[in-house]
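We did not get these values from a lab; they are worked out from the coordinates using the rules stated. Computed from a predicted structure; not experimentally measured. Cβ: placed from backbone, ideal geometry, glycine included. Neighbour counts: every protein chain shown.
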There are 2 protein chains.
Amino acid sequence: MYSAAIEELIEKFERLPGIGHRSAERIAFYILEHMSEEDAGVMANSIVRAKKTIRLCEHCQNLTETSPCAICSSPKRDKSTICVVERPEDVSAIENTHEYMGLYHVLHGALSPMDGVGPDDIKINELLLRLTDGEVKEVILATNPTVNGTATAVYISKLLSPFDVKVTRIAHGIPIGSDIEYADKITLIKAMESRTPMNG
Amino acid sequence: MYSAAIEELIEKFERLPGIGHRSAERIAFYILEHMSEEDAGVMANSIVRAKKTIRLCEHCQNLTETSPCAICSSPKRDKSTICVVERPEDVSAIENTHEYMGLYHVLHGALSPMDGVGPDDIKINELLLRLTDGEVKEVILATNPTVNGTATAVYISKLLSPFDVKVTRIAHGIPIGSDIEYADKITLIKAMESRTPMNG
């Protein structure tokens, strides 16, 4: 139908999340018709560059160019609180509220027995290691209010019971079934404020 | 908020059509978290390669790697009919019906006085040049049923009046106000079949 180079470009964009065949066609034609060769080169380069330079922060496991990341190494952040989230986008959503001043921990997923995702497949051990020096006083579990997210929160809260640390769950001000990433700021602030204890 | 390389990647995707900030974030994190460095390289490369190798067909002005393009150089196509469309996506939509066997002409836009797009800004002269040898017997104007698309069809039909060629307009089986690109196959087939003469 199209020439090989166009087909390949469409196919590449089609594989990205949230992009169907028509959107991929649209993007491919936009690049071919409206982008300069230089701009296309810059775009291609930023994909390669990001992929090469981005790694996980040795502490919070968030995506970063420098480890420790900017949040973990900031003297302004409250190092006694860790907010545990599923994905880097969740850090972004909570940071956008400008209300939370603690640290984060990115699990890179949630427990999901159906998909074969167990405790060793997400960054739970890395979380435990951060609690050994006693500096952390509270762990806020801000996994998504889904079945998997809730199960992950319960699992972690049990794992943390031997530690001298308060374990809380972000409040269900967030509509059940949707993602933290898409919550509005006010809902997120309320949900953080009314977090409830999970270990009594 | 994010590190520079992530911000840049998000910003690049945000510039593509139909992709908002959240979608761009999602895509960027997908690339960073779920794509191998090799796959990301292949994707980057396909952008650069497509941009480098794709040009316009010397006859129909469609995007192609080889000029003349596969359709223009196919012995199976009926060279007496040219279907004029606004964009390469429209060729794709009509080809998907597998009913039309003539040639195409891609204008790369429509006349739009409000946006300063005049006859010299789209491929109208290139269309006229294709009619000089007398081989073409019919020109089907399949520009979009929008104000600009209709104005473009009327303008071209007047330009073609000196030529010994039948000028037809794709039928308005296509819902007014939407794009040819998004019409379903049956509607497109019906609309092509019931095309109506524009020059008496």
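Percent of C-alpha pairs per 20 Å bin in the protein assembly as shown, short distances first: 24, 39, 25, 11, 1. Each of the peptides A:66-78, B:142-154 was scored by the mean count of other Cβ atoms within 10 Å over its residues; in descending order, highest first, they stand as B:142-154, A:66-78.
Summary for residue A:33: label point 7 Å along Cα→Cβ; distances to the equivalent points in the other copies, ascending, 3.4 nm. The mean count of C-beta atoms from other chains within 10 Å of the C-beta of residues in B:156-167, rounded to a whole number, is 0. Kirkwood radius for region B:1-93, taken over all pairs of different Cα atoms as the inverse mean of 1/r, rounds to 16.3 Å. The lysines whose alpha-carbon is closer than 24 Å to the alpha-carbon of residue A:51, local same-chain residues fewer than 8 away aside, are A:12, A:123, B:12, B:51, B:52. Projecting 7 Å from Cα along the Cα-to-Cβ direction, the label point of residue A:20 sits 1.7 nm from its equivalents in the other copies, listed shortest first. Roughly how many whole Å is it from the C-alpha centroid of region A:123-171 to that of region A:15-63? If we compute the Cα centre of each part, the gap is 34 Å. Amide H contacts of residue B:167 (H built 1.01 Å from N, in plane; Pro and chain starts excluded): B:139, B:198, B:199 sit under 5 Å, all sequence-distant by 5 or more or on other chains. On alpha-carbon atoms, Rg over Rh for chain A using Kirkwood Rh? Checking Rg against Rh, the ratio lands at 1.06. Scanning chain A for the Cβ atom closest to the axis that brings A onto B yields residue and whole-Å distance A:44, 2.
A label point on residue A:135, set 7 Å along the Cα-to-Cβ line, lies at 7.7 nm from each of its counterparts in the other copies, closest listed first. Against chain B, whose longest principal axis is taken from its Cα atoms, helix B:4-14 shows a tilt of about 20°. Measuring spread by the Cα atoms of region B:54-164 yields a radius of gyration and Dmax of 13.3, 41 Å.
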